[in-house]
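Step one of this worksheet: look at the structure below.
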Amino acid sequence: MDVQLTEEQRQVRELCRQFADAELRPNARKWDLEHQFPAAAVKKLAEMGLLGVAIPAELGGAGMDNVSYALAMEEISRGCAGTGVILSVNNSLYCDPVHKFGTDEQKQEFLVPFARGERLGAYALTEPMSGSDAAEMRTLAVKKGNEYVLNGTKNFITNGPQADVVIVFAMTDRSKGHRGISAFLVPTSVKGFSRGKPDDKVGIRASGSCTLFFEDMVLPERFRLGGEGEGFKVAMQTLDGGRIGIAGQALGIAQAAYEEAIAYARERKAFGQPITQFQAIQFMLADMATEIDAARLLLWRAADMKDRGVRHSAESAMAKLYASEMCERVTSKAIQVHGGYGYVKEYDVERHWRDSRITQIYEGTSEIQRLVIAASVLKG
Ligand code: CAA
């Protein structure tokens, strides 16, 4: 098995790394403190093709593969985890399902400008009373002639405050359970749409999320994404890809914390020598390096399987589960290496630790990833 990157993949990684060092890292603390959406940086990332990494060039994307996407997610999130998830949602949760399930007409209207990064997409599955149990949704789309009337509420929607179009999952036939769910492309300009105020989050504060309200919104049938009743499969298959993005985000956060821990440990002296001389510190750095590499290999495998068109539900879940839990351990160790300085906002490691926490929650909690993995293990 070859785990070497291609020349193109190496170039993408290098380009993203340089961008993160020049434009994201220097600003990430300010965006976090001010809860500020990094609009100018997102515009530049769009010009680099990073809002539609694995979408074909003729549909507005960069035409690269999913391994490149995973590399981009790691590097961008290493610079700013909030910016990372803005990209991840637009790439994996919005562009990918429109590419996979959309008609040619839908792709022109709802994919091309989003893959180019001229417009921003979001994905709305979660509701106030249904998170992990996604099929329990209350949002309803009632068919009337050639139209649907949409009513409901979705919450914690990443990119919600900025999105131009949201993929909304709604019940079109409650009697059929998960087989009665359909997906819709919902432009936020349609009458009946409104948003709550942005959520005040613990971490990833450069990215906005909020509650979305749909009140008697009239949607033409052509806005339905996929067949009627196929929405749950659209949602689940999309999350298989989304979990690659979040694993990449977690990896980038951990990598940033690890690099900062090494830099600090080289400078800081105790008992007359740099603390890198102490095995207590060396062992922490060794564990961090090993866990980061393990996560990276799981992530590359899942992305490679997606590129090969092989079902990768369990492998994406493994990558996300391991990378997100590893991320909390690594960022916490990075604080430990920094001692008291790790606990104040003068250094970035406290932000990395706060940013790490959500990666174990969104796009399926760690417990949901374990369910997905267990289902695959027990099937085989
Ligand atoms: N690909 C294709 N089909 C799939 C699938 C997949 N990955 N997973 C399930 N399905 C199909 C099943 O084959 C089954 O098909 P049939 O109707 O033919 O039988 C159907 O979907 C139902 O499957 P399950 O019985 O396994 O469904 P379930 O109700 O037990 O739920 C679950 C399964 C894994 C728990 C699922 O509900 C789940 O993933 N929940 C977590 C939801 C989640 O991740 N939410 C995050 C919100 S998005 C977000 O966070 C965005 C953000 O802002 C960043």
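Hey, among the residues in segment 301-347 that are under 27 Å from residue 69 (Cα atoms) and of a type in the set (Lys, Arg), which one's most open to solvent (accessible area, probe 1.4 Å)?
311
Based on what the data block shows, is residue 259 under 30 Å from residue 310 (Cα atoms) and either modelled with pLDDT of 95 or more or within 14 Å of the ligand (Cβ to nearest atom) (or both)?
No; evaluated as a whole, the condition is false for this residue.
Looking only at segment 178-192, which residues are within 17 Å of residue 130 (Cα to Cα) and in contact with a strand residue (DSSP E or B) (Cβ under 9 Å, 6 or more places away or on another chain)?
180, 181, 182, 183
Inspect segment 222-235 for any residue being of a type outside the set (Phe, Trp, Tyr), more than 20 Å from residue 138 (Cα to Cα), more than 16 Å from the ligand (Cβ to nearest atom) and not in a helix (DSSP H, G or I) and give the result as yes or no.
Scanning segment 222-235, I find no residue that is of a type outside the set (Phe, Trp, Tyr), more than 20 Å from residue 138 (Cα to Cα), more than 16 Å from the ligand (Cβ to nearest atom) and not in a helix (DSSP H, G or I), so the answer is no.
When residue 118 is evaluated against the numbered criteria (1) open to solvent by 20 Å² or more (accessible area, probe 1.4 Å); (2) assigned to a helix (DSSP H, G or I), which criterion, by number, is the only one it fails?
If we test residue 118 against (1) open to solvent by 20 Å² or more (accessible area, probe 1.4 Å); (2) assigned to a helix (DSSP H, G or I), just (2) comes out false.
Taking segment 347-380, which residues are away from the ligand (no atom under 12 Å from the Cβ), free of Cβ contacts under 8 Å to residues at least 60 places away in the same chain and assigned to a loop (DSSP other than H, G, I, E, B)?
380
Filter segment 263-275 for residues that are of a type outside the set (Gly, Ala, Ser) and surrounded by 17 or more Cβ atoms within 10 Å (Cβ to Cβ) and give the result.
264, 275 - these are the residues of segment 263-275 that are of a type outside the set (Gly, Ala, Ser) and surrounded by 17 or more Cβ atoms within 10 Å (Cβ to Cβ).
Looking at this structure, is residue 254 assigned to a helix (DSSP H, G or I), more than 10 Å from the ligand (Cβ to nearest atom) and crowded, with 20+ Cβ neighbours inside 10 Å?
Considered against the rule, which asks whether it is assigned to a helix (DSSP H, G or I), more than 10 Å from the ligand (Cβ to nearest atom) and crowded, with 20+ Cβ neighbours inside 10 Å, residue 254 comes out as yes.
For segment 173-184, which residues satisfy the criterion of being surrounded by fewer than 23 Cβ atoms within 10 Å (Cβ to Cβ) and more than 10 Å from the ligand (Cβ to nearest atom)? Walk me through it before giving the result.
Start the filter on segment 173-184 by keeping residues that are surrounded by fewer than 23 Cβ atoms within 10 Å (Cβ to Cβ), which leaves 173-180.
Scanning segment 173-184 gives 173, 174, 175, 180.
Of everything in segment 1-20, what is open to solvent by 70 Å² or more (accessible area, probe 1.4 Å) and assigned to a helix (DSSP H, G or I)? Give them in sequence order.
The answer is 7, 8, 10, 11, 13, 14, 15, 18.
Yes or no, residue by residue, for (1) at pLDDT below 95; (2) farther than 26 Å from residue 293 by Cβ:
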residue: 1; (1), (2): yes, no
residue: 5; (1), (2): no, no
residue: 23; (1), (2): no, yes
residue: 26; (1), (2): no, yes
residue: 40; (1), (2): no, yes
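Name every residue in segment 132-153 that is touching a residue at least 60 places away in the same chain (Cβ under 8 Å) and within 13 Å of the ligand (Cβ to nearest atom), in order of residue number.
The answer is 132, 134, 135.
Please enumerate the residues belonging to segment 78-105 that are open to solvent by 10 Å² or more (accessible area, probe 1.4 Å) and more than 16 Å from the chain's Cα centre (by Cα).
Residues satisfying the conditions are 99, 100, 101, 102, 103, 104, 105.
For residue 194, are the conditions met, namely being under 25 Å from the mean Cα position of the chain (by Cα), open to solvent by 10 Å² or more (accessible area, probe 1.4 Å) and without any contact (Cβ under 8 Å) to a residue 40 or more places away in the chain?
Yes.
Specify the residue that is farthest from residue 15 (Cα to Cα); the eligible residues are those in segment 35-77 that are open to solvent by 30 Å² or more (accessible area, probe 1.4 Å) and acidic (Asp, Glu).
58
Among the listed residues 40, 81, 54, identify the single one that is closer than 30 Å to residue 261 by Cα and in contact with a Gly (Cβ under 8 Å, 6 or more places away or on another chain).
Working: 40 fails: in contact with a Gly (Cβ under 8 Å, 6 or more places away or on another chain); 54 fails: closer than 30 Å to residue 261 by Cα.
Only one candidate qualifies: 81.
The values are calculated or read from the model by the stated rules, or taken from the named source; none is laboratory data. All of these numbers come straight from a predicted model, not from anything done at the bench. FYI the Cβ positions are ideal-geometry reconstructions off the backbone, even for glycines, and counts take in every protein chain you see. Just the protein is used for accessible areas: all its heavy atoms, side chains included, with ligands, DNA and RNA removed. Shrake-Rupley method; radii C 1.70, N 1.55, O 1.52, S 1.80 Å.
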